[in-house]
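One structure is given below, encoded as structure tokens.
The values are calculated or read from the model by the stated rules, or taken from the named source; none is laboratory data. Note that the coordinates shown come from a computational prediction; the quantities given were computed from them, not determined experimentally. Cβ: placed from backbone, ideal geometry, glycine included. Neighbour counts: every protein chain shown.
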Amino acid sequence: MTLYPLRDDTCLLALPMHEGEGNIFYDHSRYFHNATFYGDTTDWSDSPFGKVIFFAGTDSYYAKVSGHEIMSKIAETKALTVTVWINTGEDGQILYDCHGFPYPVCGMIELALRDDGKIYWNGGGTNGWDCPETSESFNDGQWHFIAALADHSISRIYVDGELKSEGTGWSEWSSLWTDSDKILYIGTNYPEGSDLFSDFLCDLRIYNRILSHEEIKALELYYRNFEVRPSILCPRPTL
């Protein structure tokens, strides 16, 4: 099988997180939304995909990226897909959005492991109402590829290329998505939060469209076959 990567302008964020040094995760989409990591920047480990940073599961280990432009583009299409690789033996937050002024409003999107490693996905600020959650646990210390998507009609969680859970969509895409101080947090629900990710995550992507099941499977195979090319601008994989 040969995969031909093409630039996909609906990919709003592509963080390989394989730098091997420093505290910046460089965005490989066309939009240059680099993320800043807070924690021990010397603690990099080998993985099948390259060097990955260790998230210690404490309040000083997390990353954040400006979310205003990303969330504004999602609000335009009213659709999104988040993909990420994880390897953990614990529960914890993977991705969470928040803005702080005039008061904290958070959780319009939330991707987390909770309840003994079950993956939870809130893709539209539904505050837990009919949000999908897997029946299986994935905090087993193995690498797993997660794809979480949502639009006005459906929300779904895929793990390792297979559909694991689905719920209803959400139509109330409010102005809270586009606040100028919107921040996307990686590895925590907010600075000094209580829901902290431990161990390893990498290759985080956000699209403002629904990826098809075929695209999700192709993207997983793209990494599992070790064909990662970090210089490519957020490829759209094709079978």
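The residue pairs whose first member lies in segment 93-118 and is within 24 Å of Ala79 (Cα to Cα), whose second member is at pLDDT below 85 and among the hydroxyl-bearing types (Ser, Thr, Tyr), and whose beta carbons are closer than 6 Å, counting only pairs six or more residues apart or on different chains, are Cys98/Tyr190.
Tell me which residues, restricted to segment 184-206, are over 16 Å from Asn139 (Cβ atoms) and either at pLDDT below 90 or among the basic types (Lys, Arg) (or both). Within segment 184-206, Thr188, Asn189, Tyr190, Pro191, Glu192, Gly193, Ser194, Arg205 meet the criteria.
Restricting the first member to segment 150-170 and to residues that are within 19 Å of Leu219 (Cα to Cα) and at pLDDT below 90, and the second to residues that are crowded, with 16+ Cβ neighbours inside 10 Å and of a type in the set (A, V, I, L, M, F, W, C), no beta-carbon pair is closer than 8 Å while six or more apart or on different chains.
Apart from one condition, Glu90 fits all of (1) of a type outside the set (Phe, Trp, Tyr); (2) more than 18 Å from Arg205 (Cα to Cα); (3) touching a Gly at 6+ places or on another chain (Cβ under 8 Å); (4) modelled with pLDDT of 90 or more; the exception is (4). When you check Tyr61 against the structure, is it farther than 24 Å from Leu211 by Cβ and either in contact with a Ser or Thr (Cβ under 6 Å, 6 or more places away or on another chain) or touching a residue at least 60 places away in the same chain (Cβ under 8 Å) (or both), yes or no? So Tyr61 passes the test.
Taking segment 57-76, which residues are assigned to a loop (DSSP other than H, G, I, E, B) and touching a strand residue (DSSP E or B) at 6+ places or on another chain (Cβ under 8 Å)? Gly57, Ser60, Tyr61, Gly67 - these are the residues of segment 57-76 that are assigned to a loop (DSSP other than H, G, I, E, B) and touching a strand residue (DSSP E or B) at 6+ places or on another chain (Cβ under 8 Å). Which is aromatic (Phe, Trp, Tyr), surrounded by fewer than 18 Cβ atoms within 10 Å (Cβ to Cβ) and not in a strand (DSSP E or B), of Phe49, Phe32? One residue alone meets the criteria, Phe32.
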